[in-house]
Amino acid sequence: MRCFLAFFLLALLSDASAADRPNIIFILADDLGWGDLGCYGNKIIRTPNLDAMAKQGTLFTQFYVNASVCSPSRCAFFTGQYPARHRIHGHYSSKEQNEARGMSNWLEPQVPNAARMLKSAGYTTAHVGKWHLGNNAGGPPIAEYGFDFVGTSEKDGANGPGADPYFRAKSTALFVDESLKFIEQAGDNPFYLQLWTLVPHATLNPTPEQMKPYLKLRAGGKDFPHAAAMEIFAASVTDLDTQIGRLLAGLEKLGKDKDTLILFTSDNGPEDIHIGNAGHSGVGSAGPFRGRKRSLYEGGLRMPGIARWPGKVPAGRIEDKAVLAGVDWLPTICKIAGVQLPADHAPDGEDVSDVLCGSSRARTRPLMWEWRFNIAGEPFHHSPELAIRDGDWKLLMNPDRSRVELYDVTQDLTQLNNVAEHHPDVVEKLSAQVTAWAKTLPEGPHDPTAGKMHAGMPGAPNVRPAKGQGKKKNAPVE
């Protein structure tokens, strides 16, 4: 009888635990900067739905990604580990270009990841939209990573004869349609959805209807025949916001809005206008921060971060103390869903479910980054190869110590006041940590320009990027 009662009580507790598990939606924009949303201070681009989501939940001012370009950033969210562990140092391209940069060709499907972990706990899982974790080089089907449903990706419908020139412009609407269909079909089962958009990554080509609100941005007036870069970029971001609004409305209509945790962020900082395929996406805003995509300065790594979960994540909160990062996503959602990570999978992030739900505390471990390749654009954005953030301090340095920079990034947002010489103890501590970490990373080629602030001054050596980098004909540009 006692055994029966114990079993009965355990079953009740298990059912209660299962009932408390939220649905989870992870929306990841592409090349959207910290300063591109109204709720982060943008005065040009209209983003009413994301602004409303921020008021309904919590806006984080210190939300970081773990790489300054696409593929490695996505790997960090998906696995909870620094991407270099998996030889993902830059964006995935062809097998030849991956090999030239010392990279793997895809993330191995057997690596524990967000989809597989939640699926093991009874979640129905879906990925819709951009993937970029290996399909450029013919990697495994996305479903092999633990997804029950796989929607349209960046490779479907964008190229080839008869391709719609407005595919990218319409892609977010298509992704939302597929997402809502998946959510409806999930029924009462808890679900995990990754909705990774193509926008506002280049090349942008919004429809005439999407551009109407921004005709006034044309230098020659609304009747001028050529669209301005900001007009095109703003129209693209506003449509992204519009479609996310459709997703939120559909979620409410299905009665699932109250028990769904949603995270919105971006994979890296805004594109640099000097990149060949940047097009109109190069006018995105990094807010007050130095650095853009590919840079380890704040503008390349610090992203908008908005979380909503009614009744759990505090509404109307602006959290400017806690430091969150992409590698925290896996351990956090596993904690929320009651999933135990495998003993042999050590995340580099930490469980921040308490921070999502209202706590404000310091991180228990620092964040570290590496960038081995060329950085486009103005020398002002050319960061050293390594970086570490611990507390208020951020140290950037080259392995040979040819550049050592220390900033209090809570006070010096633009990272202009290098105080390394005034805090040798902090430099010693942080440099030892990031150097030891870098030595654990897989060996591979480093671009000759990596870590150099190459200003092209008269008489300076003309340092060219390594094979497969820079503006060469065969250079991979993401």
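The numbers here are math on the coordinates, done by the rules we state, and not lab data. The shown structure was predicted, so the numbers you read here are calculated from the model rather than taken from an experiment. FYI the Cβ positions are ideal-geometry reconstructions off the backbone, even for glycines, and counts take in every protein chain you see.
Dipole of the chain computed with +1 at Lys/Arg Cβ and -1 at Asp/Glu Cβ about the Cα centre; of Q56, A315, G444, farthest Cα towards the positive end is G444.
Using a simple spin-label model with pseudo-atoms 7 Å out from Cα toward Cβ, M453 and K95 lie 4.2 nm apart. Cα centroid separation, the stretch 358-405 to the stretch 313-349: 21 Å. Among the listed pairs K253/K293; K170/K222; K170/K253, a Cα-Cα separation exceeding 28 Å is found for K253/K293.
Gain on full extension, evaluated as 0.36 nm per residue between I318 and L254 minus their Cα-Cα distance, stands at 20.2 nm.
Taking the simple approach of a point 7 Å from Cα along Cα-to-Cβ for both V111 and T203, what is their distance in nm? Inter-label distance under the simple model: 3.1 nm.
Within the straight-line cut-off of under 16 Å between alpha carbons, the aspartates and glutamates reachable from K55 are D241, D257, E319, D320, sequence neighbours fewer than 8 places apart in one chain being disregarded. Ignoring aspartates and glutamates fewer than eight residues from K335 along the same chain, the ones with Cα atoms less than 20 angstrom from its Cα are D15, D20, D259, D344, D348, E350, D351, D354. As a rough guide to protection, the peptides 279-287, 64-72, 345-353, 184-192 ranked by mean Cβ packing within 10 Å, highest first, stand as 64-72, 279-287, 345-353, 184-192.
Dipole magnitude for the stretch 295-345: computed about the Cα centre from +1 point charges on Lys and Arg Cβ and -1 point charges on Asp and Glu Cβ, it is near 240 debye.
Residues whose amide H comes within less than 5 Å of that of M303, counting only those at least five positions distant or on another chain, are F63, Y64, V65 (H built at 1.01 Å from N in the peptide plane). Spacing of the modelled spin labels on D354 and H422, each 7 Å from Cα toward Cβ, amounts to 3.3 nm. Here the calculated FRET efficiency for Q433 and R361, from their Cβ-Cβ distance with R0 = 22 Å, stands at 0.60, rounded to the nearest 0.05. In plain terms, the residue of M103, M230 with the fewest other Cβ atoms within 10 Å comes first and the most crowded comes last, giving M230, M103.
Among residues other than F26 with Cβ under 13 Å from its Cβ, the summed charge is +1 (Lys and Arg +1, Asp and Glu -1).
Using only side-chain charges placed at the Cβ, +1 for Lys and Arg and -1 for Asp and Glu, the dipole size of the chain relative to its Cα centre rounds to 420 debye.
When each of the peptides 380-390, 204-214 is scored by the mean number of other C-beta atoms lying within 10 Å of its residues, the order from highest to lowest reads 380-390, 204-214.
Beta bridges assigned by DSSP with both partners in the chain are antiparallel in approximately 45 percent of cases.
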